[in-house]
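Undergrad: Pasting in a structure now, in structure tokens, and then I'll have a few things to ask.
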Amino acid sequence: MATLSWSRGVDNHSPISTYNLQARSPFSLGWQTVKTEPDPVTGDMESAVAVDLNPWVEYEFRVVASNGIGTGDPSAPSRVVRTNEAVPSVAPANVSGGSGRRHELVITWEPVSEEFQNGEGFGYIVAFRANGTRGWKEKMVTSADASKFIYRDETVPPLTPFEVKVGVYNNKGDGPFSNIVTVYSAEGEPREAPSDVKAASVSSSEIIVVWRPPNPAPGRPKNYEVNYWKDMEQEESGERMKTPGNETTILLTGLEGNTLYHITVKGYNSAGQGPASTAVRAKTKKSRKPFMQQLVNGLFVLAVYFTPRDQLKWLANTLAFPLWVCILFYF
């Protein structure tokens, strides 16, 4: 709260009936009318108390007088004053989390605006416990701008559910906690390699590669990385190509003709990469043939080595037609 006083101005021969008290702060959109005690502030008064102000915020105030004719111009603004500190009263919003690396519990929240921090020494109290347990673990986060906390414990299995809440504090004391939400520990990086990897030459510069994803388990791949290198070269000197999603087929392009390549596939997600598959080999064709011959050869390879679904994907890539066109062409 803030106590305001003023001197009565000229009423222009019509008695002042009420005063309106206004305030602005770095967080307000211009001047705003504030609640007062008493309410209303009548024309015979020269002081009042502005209430329901935010603690530890700088305000300017002004007074506007009204009479039977209308409302006058506002007074000049007061000097800037800061309200007193108080215990925080607003809890963090949008508490959530997840992802991270194996054995990690990642907790996130929306930081509390400076307007509602209510004093110096503002920070967060992150509390969590595994579902079914009683005691809360509490960790202090001293930065007012923080929005994430990562707890690491080698004994935490992947996708373990935790109850989580985030509270606030400042130099005046502890404020409220958010509502309790459930957050799962990190899934972890893929633990198995893709299986049944097959590769076949399509042209003198292209090799198509398909594979099966690992068995469903914690650490599911979100994308795949295909490594390929020439025979007689080291794997480290090879090239890498990533799928945009969790597709299980890819067309390697820009290869050298009549060249043997070694190829591996590994899955990865936000936690990291999984193990690579056993390397397979494929040799590009000797020279680039006319398009129709290339198409015939490609269709033969597809018919021998790959499923109808993979065949349609290759057709769409090669012909640059929509998939539905290729389906009509195929059938």
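The values are calculated or read from the model by the stated rules, or taken from the named source; none is laboratory data. Note that the structure is a prediction, hence the values are computed from the model and not measured. As a convention, Cβ positions derive from the backbone with ideal geometry for all residues, glycine included, and neighbour counts pool all protein chains shown. Note: accessible area is taken over every heavy atom of the protein model, side chains too, but ligands, DNA and RNA are not part of it. Shrake-Rupley method; radii C 1.70, N 1.55, O 1.52, S 1.80 Å.
Undergrad: Could you pull out the chymotrypsin sites (Phe, Trp or Tyr not before Pro) across region 4-42 that fall in loop regions by DSSP (anything but H, G, I, E, B) with no more than 16 other Cβ atoms inside 10 Å?
TA: Loop-located and lightly packed - F27, W31.
Undergrad: Show the residues, 5+ positions off or on another chain, whose built amide H is closer than 5 Å to the amide H of V57.
TA: It is T83, by chain and number.
Undergrad: Right, another one. Leaving out ligands and nucleic acids, and using a 1.4 Å probe, what accessible area per residue does region 4-142 come to in Å²? Write down the numbers at each step before the final one.
TA: Details: 7880 Å² over 139 residues.
It amounts to 57 Å² per residue over region 4-142.
Undergrad: In addition: Quick query: amide H of S17 versus all other amide H atoms, modeled in the peptide plane; which residues come in under 5 Å with a sequence gap of 5 or more or a different chain?
TA: S66, N67, G68
Undergrad: I would also like to ask the following. Any idea what the relative contact order of region 151-229 is, in percent, if you count C-alpha pairs under 8 Å spaced at least 6 apart? Mind showing how you got there, number by number?
TA: Values: 93 pairs, mean separation 19.3, N = 79.
Relative CO of region 151-229 lands at 24 percent.
Undergrad: When the chain is modelled as a GNM with alpha-carbon springs shorter than 10 Å, which of L251, L29, L53 fluctuates the most?
TA: Sorting by GNM fluctuation, first place goes to L29.
Undergrad: When the solvent-accessible surface of protein heavy atoms is calculated with a 1.4 angstrom probe, in what order do E120, E236, E247, E187 fall, highest first?
TA: E236, E120, E247, E187
Undergrad: Pairs K148/K222; K242/K283; K198/K286; K137/K222; K35/K148; K139/K242: which are spaced more than 29 Å apart, C-alpha to C-alpha?
TA: Distance filter (> 29 Å) returns K137/K222; K35/K148; K139/K242.
Undergrad: If you don't mind, another one. Restricting to Cα pairs below 8 Å that are 6+ residues apart, what does the relative contact order work out to for region 96-191? Please round to a whole percent.
TA: 40
Undergrad: Under a point spin-label approximation (7 Å from Cα along Cα-to-Cβ), what is the V181-T3 distance to one decimal in nm?
TA: 4.5
Undergrad: Helix-only mean residue ellipticity at 222 nm, the chain, DSSP H runs n ≥ 4 weighted -39,500 (n - 2.57), per residue, nearest 500. What is it?
TA: -3500 deg cm²/dmol
Undergrad: A follow-up question, please. Which value, in Å², gives the accessible area per residue of region 166-242 when a 1.4 Å probe is used on the protein heavy atoms? Write down the numbers at each step before the final one.
TA: Values: 3930 Å² over 77 residues.
About 51 Å² of surface per residue is accessible.
Undergrad: Can you tell me how much longer the chain between S25 and D196 gets when fully stretched, taken as 0.36 nm per residue apart minus their C-alpha distance, in nm with one decimal?
TA: Contour length minus the Cα-Cα distance gives 55.0 nm.
Undergrad: Turning to a different aspect of this structure: Can you run phi through the Karplus equation (6.51, -1.76, 1.60; θ = phi - 60°) for region 4-18 and list ³J(HN,Hα) in whole Hz, with x for Gly and Pro?
TA: 10, 9, 7, 9, 5, x, 6, 9, 6, 6, 9, x, 5, 9, 8
Undergrad: May I ask you to derive the FRET efficiency for A76 and I150 from their Cβ-Cβ distance with R0 = 56 Å, giving the value to the nearest 0.05?
TA: 0.65
Undergrad: Once you have the Cα-Cα distance between A217 and E233, take 0.36 nm times their residue separation minus that, and quote the gain in nm to one decimal.
TA: 2.3 nm
Undergrad: With the full set of protein chains in place, find how many percent of the accessible area of the chain is carbon and sulfur; take the probe as 1.4 Å.
TA: Working: 9330 of 18540 Å².
Percent of accessible area from carbon and sulfur atoms in the chain: 50.
Undergrad: Follow-up. Using 1/(1 + (r/R0)^6) with R0 = 51 angstrom and r between the beta carbons of S143 and R240, what's the FRET efficiency to the nearest 0.05?
TA: For S143 and R240, the calculated efficiency is 0.85.
Undergrad: Give me the distance in nm between label points sitting 7 Å out from Cα along the Cα-to-Cβ direction at E110 and T33, one decimal.
TA: Distance between label points: 2.8 nm.
Undergrad: While we're here: Would you work out the relative contact order for the chain, in percent, from Cα pairs under 8 angstrom that are 6 or more residues apart?
TA: Rounded, it is 12 percent for the chain.
Undergrad: Which value results when the Cα radius of gyration for region 46-186 is divided by 2.2 N^0.38 Å?
TA: Here the answer is 1.50, to two decimals.
Undergrad: Which of the aspartates and glutamates could a cross-linker span from K230 if the Cα-Cα distance has to be under 13 Å and same-chain partners fewer than 8 positions apart are dropped?
TA: Cross-link targets: E239, E256.
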